[in-house]
1. So, of the residues in the range 120-171 that are among the polar types (S, T, N, Q) and in a helix (DSSP H, G or I), which turns out to be surrounded by the most Cβ atoms within 10 Å (Cβ to Cβ)?
2. Asp93: in a helix (DSSP H, G or I), modelled with pLDDT of 90 or more and touching a Gly at 6+ places or on another chain (Cβ under 9 Å), yes or no?
3. I'd like the full set of residues that are in a helix (DSSP H, G or I) and free of Cβ contacts under 8 Å to residues at least 12 places away in the same chain, limited to the range 25-41.
4. Just to be sure I understand the filter: pairs with C-beta atoms under 7 Å, separated by 6 or more residues or on different chains, first member in the range 167-183 and farther than 17 Å from Leu34 by Cα and free of Cβ contacts under 8 Å to residues at least 24 places away in the same chain, second member surrounded by 14 or more Cβ atoms within 10 Å (Cβ to Cβ) and of a type in the set (Val, Ile, Thr). Which pairs pass?
5. Out of everything in the range 143-169 that is among the charged types (D, E, K, R) and at pLDDT 95 or above, what residue ends up being nearest to the chain's Cα centre (by Cα)?
6. Are there any pairs, at least 6 apart or on different chains, whose C-beta atoms fall under 9 Å, with the first in the range 195-208 and modelled with pLDDT under 90 and the second surrounded by fewer than 16 Cβ atoms within 10 Å (Cβ to Cβ) and assigned to a helix (DSSP H, G or I), and if so, which?
7. Go through the range 58-75 and count every residue that is of a type in the set (S, T, N, Q) and either surrounded by fewer than 21 Cβ atoms within 10 Å (Cβ to Cβ) or out of contact with any Phe, Trp or Tyr (no Cβ under 8 Å at 6 or more places or on another chain) (or both).
8. His52 - would you say it is without any contact (Cβ under 8 Å) to a residue 12 or more places away in the chain, within 22 Å of Asp191 (Cα to Cα) and assigned to a helix (DSSP H, G or I)?
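The values are calculated or read from the model by the stated rules, or taken from the named source; none is laboratory data. Keep in mind the model is a prediction, meaning the values are calculated, not measured. Positions of Cβ are backbone-derived with ideal geometry, glycine not excepted, and every protein chain shown enters the neighbour counts.
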Amino acid sequence: MLEKLMPKSDEFFDDFDAQADATVRGTKLLAALLDDFTDVERKVSAIKDVEHEGDDIAHRSFERLHRQFITPFDRAEIHRLLGHIDDVLDLTDATAERLLLYEVGPVPQAAKDLARVLVPCAEKLQQAVRLLRNIKHPEQILAACVEIKTLESEADALGRSAIAALFKSGSDALNIMKWKEIYDLMETATDRCEDVANVIEGVVLEHA
């Protein structure tokens, strides 16, 4: 049924793919920064460049959404999908910014662990988005969405443990505040991945 509603152009799906690709690249750059916390300003700038690229893609697609009469599925769902993917990249960029602006010291293992969950979460998001172009195999799309939710739960548990360890560490209050905010941003990024999965599940269940 979804294919009958699709316009001749695949521009929306192209934008979903491009936006998801930028998101994966951004999360990988963040993970690399946390693993090798050197040349921080340059690495943060590279993440910002990817975030700007994602913003440009989202802006272009939002404009198309307002002027195109026929859309591949409900306009509100397209808007939510674009917005949530954009949020993942924005939160990734915000995390990198805090690492630079707060002049944090050595990177805790917990931050690296969270990044190592965020990356596959973004990759599964990318997979689900790509599969959405072809609605003939909804079970594959839904399976990817389930994996996103599993990874989000893992990130949630890691975030709680990281913050608990932070408060038990005996570190000074300012350092605790800095890292708590960084952990929260990373965990929220995985929450937005789950939001993407929820939108995709709704589209599939309605149109497949």
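1. Filtering the range 120-171 down to residues among the polar types (S, T, N, Q) leaves 126-127, 134, 140, 150, 153, 161, 169, 171.
When the remaining residues are screened for being in a helix (DSSP H, G or I), the result is 126-127, 140, 150, 153, 161.
On the way: Gln126: 22, Gln127: 19, Gln140: 14, Thr150: 13, Ser153: 13, Ser161: 13.
Among them, the one singled out is Gln126.
2. Numbers: in a helix (DSSP H, G or I): yes; modelled with pLDDT of 90 or more: yes; touching a Gly at 6+ places or on another chain (Cβ under 9 Å): yes.
Yes: the conditions hold for Asp93.
3. Start the filter on the range 25-41 by keeping residues that are in a helix (DSSP H, G or I), which leaves 25-35, 40-41.
Residue satisfying the conditions is Ala32 alone.
4. Phe167/Ile176
5. Step one: list which residues in the range 143-169 are among the charged types (D, E, K, R), which gives 147, 149, 152, 154, 156, 160, 168.
If we keep only those that are at pLDDT 95 or above too, we end up with 147, 149, 152, 154, 156, 160.
Working: Glu147: 14, Lys149: 13, Glu152: 11, Glu154: 15, Asp156: 15, Arg160: 19 Å.
Across the range 143-169, the extreme among qualifying residues is Glu152.
6. His207/Glu3; His207/Leu5
7. Looking only at the range 58-75, we keep the residues that are of a type in the set (S, T, N, Q), and these are 61, 68, 71.
Checking which are either surrounded by fewer than 21 Cβ atoms within 10 Å (Cβ to Cβ) or out of contact with any Phe, Trp or Tyr (no Cβ under 8 Å at 6 or more places or on another chain) (or both) leaves us with 68, 71.
Summing the residues that are of a type in the set (S, T, N, Q) and either surrounded by fewer than 21 Cβ atoms within 10 Å (Cβ to Cβ) or out of contact with any Phe, Trp or Tyr (no Cβ under 8 Å at 6 or more places or on another chain) (or both) in the range 58-75 gives 2.
8. Values: without any contact (Cβ under 8 Å) to a residue 12 or more places away in the chain: yes; within 22 Å of Asp191 (Cα to Cα): yes; assigned to a helix (DSSP H, G or I): yes.
The answer is yes for His52.
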